[in-house]
2 protein chains.
Amino acid sequence: MSLLKDRGRSAVSRSGVIYRGLRQAISDHALLPGDKLPEDTIGERFGASRTLVREALMRLKAEGLVDMQPNRGAAVARPSLDEARHIFAARACLEREVMATLAVSITPRQLAALEAQVEKERDADGKDGLESIRFAGAFHVLLAEMSGNRVVARYVDELVSRCALIIALYGQPHASDCAVSEHRSIIEALRERNGAQAAKLMAHHLGEVEGRALLAQPSRRPDIGDILGRYALRRPRPATGAKAASESPEAGRENRRR
Amino acid sequence: MSLLKDRGRSAVSRSGVIYRGLRQAISDHALLPGDKLPEDTIGERFGASRTLVREALMRLKAEGLVDMQPNRGAAVARPSLDEARHIFAARACLEREVMATLAVSITPRQLAALEAQVEKERDADGKDGLESIRFAGAFHVLLAEMSGNRVVARYVDELVSRCALIIALYGQPHASDCAVSEHRSIIEALRERNGAQAAKLMAHHLGEVEGRALLAQPSRRPDIGDILGRYALRRPRPATGAKAASESPEAGRENRRR
DNA sequence: ACACGAGTTTTCGTATACAAATACGTCTCA
DNA sequence: TGAGACGTATTTGTATACGAAAACTCGTGT
């Protein structure tokens with residue numbers, strides 16, 4: 001109990017580190033929907049007590065990234081198909097607003113930043129799936145932040161993260177969820193200050209993303225094995241390897257909240 | 001009604017009780033923006049330990065209803081004017097979406113429920129200021145829930161609560177924030193399944209609310225004293241001897257923050 | 001073989017303990 | 001009188017303790 005673990009007293013709250021770590025892991029599909037998140041394990045991994053882990057988990061729960069059930073702990077959320085549609089609808093609604101605002105207020109500097117972002121997307125496209133996913137959302141979050149409306153930006157950020165869950169659950173293995181070309185044309189519309197066009201393009205773009213994420217999916221059952229494989233690889237939890245058979249039925253019923 | 005609030009466990013999670021209690025107090029303007037929320041005091045009052053109080057506070061923080069600063073605890077949030085505008089913009093955006101959805105999907109039963117709600121508003125109007133405020137937001141939350149989009153409903157609920165803060169901070173003492181007649185015409189537009197009209201009415205309605213809450217306000221700076229007066233009245237803090245002089249320095253500090 | 005139970009282990013819910021940070025009040029010294 | 005120094009009381013941050021609810025284990029009876 002005399003262990004002095006604290007080095008520099010960083011301004012960043014310790015639970016914030018855990019929060020960001022988990023959030024990133026979820027966004028990166030390193031943690032997959034349904035993955036259990038035991039407080040002890042996480043605390044161990046991050047060198048913190050359950051108190052802080054709980055803080056982080058509750059924050060993630062508030063954002064809809066994890067589910068917590070009374071006495072059985074936290075798990076990465078598994079949004080139902082309905083929920084997924086609701087999320088896309090909300091995104092469309094908010095991002096339309098962002099377009100309308102930005103078409104009026106956007107500056108050359110911001111346009112340049114957007115282009116730089118798309119450039120990063122292009123570089124990662126097809127090469128690094130992980131980076132690709134990461135950048136995909138970043139473009140939308142960047143747009144929302146540029147709109148200057150913090151409230152909207154927070155919601156967009158939240159929804160974009162949740163889309164990562166949806167894609168992990170229902171999307172093709174390597175579906176790039178955002179097309180670079182679509183992002184480019186959105187930037188063009190903004191440059192011309194054509195808000196209506198930008199809004200239309202964004203709506204179309206999100207429709208495409210939703211289509212790739214949801215419509216393509218119902219047929220894809222076999223993938224579950226793949227998913228569990230990756231899961232087992234990532235989590236050095238030895239014994240449960242053979243459970244794929246018992247897991248698949250419930251995975252098929254994506255509406256089931258386990 | 002239970003659609004949103006279900007975060008609190010059916011087994012009445014104890015922190016949920018605290019959460020709802022505080023939330024209600026804030027919505028009712030029983031707690032005013034800037035009011036300090038010490039963990040011990042709250043825990044005592046609710047018969048729970050700080051652990052649970054913290055849970056509740058963090059939830060409220062996630063919703064933007066309280067601010068927490070590193071080592072100096074929680075306080076009811078004081079949204080800036082900019083933030084207030086952002087909140088109204090987000091509301092307008094989301095509630096427009098709600099109108100569009102509802103114009104298509106609304107049922108006679110739902111229309112009846114809305115009318116019942118407005119009836120309650122009318123009864124309370126002018127009579128009981130507290131109930132009036134409470135019902136004002138409820139109408140909007142009810143609409144959002146009826147839209148079936150849980151995600152949007154959660155956001156609207158959050159934003160409506162935050163509007164209570166804004167009205168407390170910037171609004172006239174007894175400004176009824178929602179006009180019953182405006183709610184009525186919205187219902188009519190929905191009954192006729194005229195989505196465009198409903199959206200337009202809602203936008204106008206929110207514009208009115210925002211106007212009453214904000215535009216009326218910029219000139220009204222001296223009001224801060226008024227606000228603090230109400231604050232002092234409401235909090236039976238005996239020790240300070242109700243010294244106006246002793247309150248004013250802290251008033252200056254609070255004021256600075258915005 | 002299978003279903004079922006008792007005991008054990010894990011994980012959660014909540015209170016409490018204690019250190020660090022802050023706020024408060026007092027005393028001293030110009 | 002006023003400004004700082006210093007000690008004390010409050011309040012927060014985090015870990016830990018402990019009972020209780022699940023999950024798991026394994027042995028038993030049919």
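The values are calculated or read from the model by the stated rules, or taken from the named source; none is laboratory data. All values reported here derive from a predicted model rather than from experimental measurement. Every residue, glycine among them, receives a Cβ derived from its backbone with ideal geometry; neighbour counts consider all protein chains shown. Remember, those area values only see protein heavy atoms, side chains included, never the ligands or the DNA or RNA. Shrake-Rupley method; radii C 1.70, N 1.55, O 1.52, S 1.80 Å.
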Quick one: with label points 7 Å out along Cα→Cβ, list the inter-copy distances for A:K127 in nm, shortest first? 7.0
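Return the average number of partner chain Cβ atoms within 10 angstrom of each residue Cβ along peptide B:142-150.
2
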Average other protein chain Cβ within 10 Å of Cβ, residues A:84-95: 5
Can you send over the carbon and sulfur percentage of the accessible area for segment A:15-54, probe radius 1.4 Å, protein chains only? 51
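What does the convex hull of the alpha-carbon atoms of segment A:81-165 project to on average, in nm²?
5.6
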Where segment A:13-78 is the region considered: accessible area per residue in Å², 1.4 Å probe: 45
Taking every residue of A:50-56, the Cβ atoms of other protein chains inside 10 Å of its Cβ average out to 1
Give the residue list of trypsin sites (Lys or Arg not before Pro) in segment A:91-185 that are DSSP loop and have at most 13 other beta-carbon atoms within 10 angstrom. A:K127
In nm to one decimal, list the spacings between the B:V17 label point and its equivalents in the other copies, with label points set 7 Å along Cα to Cβ, shortest first. 3.6
Inter-copy separations for B:A62, label at 7 Å along Cα-Cβ, nm, ascending: 0.6
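In debye to the nearest 20, how big a dipole does segment A:13-78 give about its Cα centre with +1 on each Lys and Arg Cβ and -1 on each Asp and Glu Cβ?
The dipole magnitude comes to about 100 debye.
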